[in-house]
Amino acid sequence: MKKFVLGLTLGLILSVCTVSYASNEIKAILFPVTYLFNGTEKILPSDYMTLNMDGHTYVPTRFIAEQTGSYISFNDANKTIEIQYPTQRIIKSEINSSTEDDSFNLSLHSEKEFYSNNQFLNIWAELRYKGDTTQIFEHRENILAFYIEDNNGKRFELGRNLISKTSELKKGDEFKGNMTVSLVQQYYSAVIYNNTNVNPEFIKGNLPPGIYTVGVSAYYSNGSYIDEKSLKTKLQITIKN
């Protein structure tokens, strides 16, 4: 008996814990959890459920999409789920830092100076070309490299991608990048779990309470990487209980 429901709700909504789909049987466990969106709790409607199957958590897609300002629809004809989401929202940064050289201005921004330990760290950097003439630069694919350092001097960064790119820039052109959750998870895995084998789903995307330095570096050259130049700036954030 087919117990898989996928319609306008687009969540994995089950009335029983055994699902038969295309002659394959799937066993799932109802998994009651609390949903926090940037630190604010949202109640899951009664017609949605969260499941645990083979150690993985399955959440109701429509509920997640609606809470994050996204639009979701299901095309039954071609069995396609479409998700549309805003690519930009207006954000005011509470703290900033910047540095510059003859070619670029590098700035680092954080939406908050004080975060609770269940809030998303909204931190981003911008590298703006200042030159008056169009110029070609070589740089790493991830031209903006973020790092996190705690009060004990433990520093974590994702490393610079060795893939090189060439960009033709004119005055005012800008690179923009956000500090990723994976960097926060790298810190959490190393400090809290001591780099042991832990299911990635249990590694938090939030930093433990404390004071942290967040920094960003930009590396570029006008030709050979032997002549590579760098800009660096940093700011300090506090994670509260």
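The values are calculated or read from the model by the stated rules, or taken from the named source; none is laboratory data. All of these numbers come straight from a predicted model, not from anything done at the bench. Virtual Cβ from ideal backbone geometry, glycine too; neighbours counted across all protein chains shown. Heavy atoms of the whole protein, side chains included, go into the accessibility calculation; ligands, DNA and RNA do not. Shrake-Rupley method; radii C 1.70, N 1.55, O 1.52, S 1.80 Å.
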Solvent accessible area, Å² - GLU66, 1.4 Å probe, full protein context: 100
Over 27 Å (Cα to Cα) - which of LYS130/LYS165; LYS92/LYS234; LYS171/LYS229; LYS42/LYS176; LYS42/LYS79; LYS42/LYS232 fall in this group: LYS42/LYS176; LYS42/LYS79; LYS42/LYS232
GluC sites (Glu not before Pro) lying in DSSP loop within the range 103-153, provided at most 14 other Cβ fall within 10 Å: GLU113
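What number does the range 85-185 give for Rg over Rh if you use C-alpha atoms and the Kirkwood radius?
Details: Rg = 15.3 Å, Rh = 15.5 Å.
With Rg and the Kirkwood Rh in hand, the quotient comes to 0.99.
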Environment charge at GLN119 (Cβ cut-off 10 Å; Lys +1, Arg +1, Asp -1, Glu -1): +1
Charge sum, other residues only, whose C-beta stays under 14 Å from GLY131's C-beta, Lys/Arg counted +1 and Asp/Glu -1: -2
Net charge of Cβ neighbours under 10 Å - reference SER93; Lys, Arg +1; Asp, Glu -1: -1
√(5λ) per eigenvalue of the Cα gyration tensor, the range 137-193, largest first, Å: 29, 12, 9
Heavy-atom accessible area order for ASP76, ASP54, ASP173, ASP150, largest first, 1.4 Å probe: ASP54, ASP76, ASP173, ASP150
Residue-normalised accessible area of the range 64-178, expressed per residue, 1.4 Å probe, Å²: 63
For LYS112, solvent-accessible area (1.4 Å; no DNA, RNA or ligand), Å²: 60
